[in-house]
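Structure first, then comments.
The values are calculated or read from the model by the stated rules, or taken from the named source; none is laboratory data. The structure displayed is predicted, hence computed values, not measured ones. All Cβ positions, glycine included, derive from the backbone under ideal geometry; neighbour counts span all protein chains shown. Quick note on the areas: whole protein, heavy atoms, side chains included, nothing else; ligands and nucleic acids left out. Shrake-Rupley method; radii C 1.70, N 1.55, O 1.52, S 1.80 Å.
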Amino acid sequence: MAAYVTERDGSALVRVRLQPRSKRDEIVGEREGALLVRVSAPPVDGKANAALCRLLAKRAGIAAGRASVVKGASSRDKLVLLAGVPAADAGERLG
């Protein structure tokens, strides 16, 4: 299992380092124990967080509404909950 993924109540918690205003939405890799993610959306009015949740949900194979930022909404370092996705599966799908 990836170091940036932990499990809570049958769902995955993913540590993310977010880089907004990139050229494209992409998962770059792992850096310092967190998943490095770039999104094209600006960090204004929650747009970057919404883009992050959509990207992670798509890669995890769940609906976008099942991914949510549970910590760090206004920070680059975030904790994202992927509801209903076991941590082992999330590590494989996101990595």
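Tally up the residues in the range 63-90 that are aliphatic (A, V, I, L, M) and crowded, with 16+ Cβ neighbours inside 10 Å, please.
So the first thing to find is which residues in the range 63-90 are aliphatic (A, V, I, L, M), and the list is 63-64, 67, 69-70, 73, 79-83, 85, 87-88, 90.
Going one step further and asking which of them are crowded, with 16+ Cβ neighbours inside 10 Å, we end up with 67, 69, 79-83, 85, 87, 90.
Of the residues in that region, 10 qualify.
Please find, within the range 58-72, the residue that is nearest to Arg24 (Cα to Cα) out of those that are touching a helix residue (DSSP H, G or I) at 6+ places or on another chain (Cβ under 6 Å) and touching a residue at least 24 places away in the same chain (Cβ under 8 Å).
This residue is Arg59.
All but one of (1) out of contact with any Phe, Trp or Tyr (no Cβ under 7 Å at 6 or more places or on another chain); (2) open to solvent by 30 Å² or more (accessible area, probe 1.4 Å) hold for Arg15, so report the exception by its number.
Against the list (1) out of contact with any Phe, Trp or Tyr (no Cβ under 7 Å at 6 or more places or on another chain); (2) open to solvent by 30 Å² or more (accessible area, probe 1.4 Å), Arg15 comes up short only on (1).
Could you give every pair whose Cβ atoms fall below 9 Å, whose first residue belongs to the range 29-57 and is within 19 Å of Val5 (Cβ to Cβ) and among the acidic types (Asp, Glu), and whose second residue is modelled with pLDDT under 95 and surrounded by 14 or more Cβ atoms within 10 Å (Cβ to Cβ), counting only separations of at least 6 or pairs across chains?
These pairs meet every condition: Glu30/Ala2; Glu30/Gly95.
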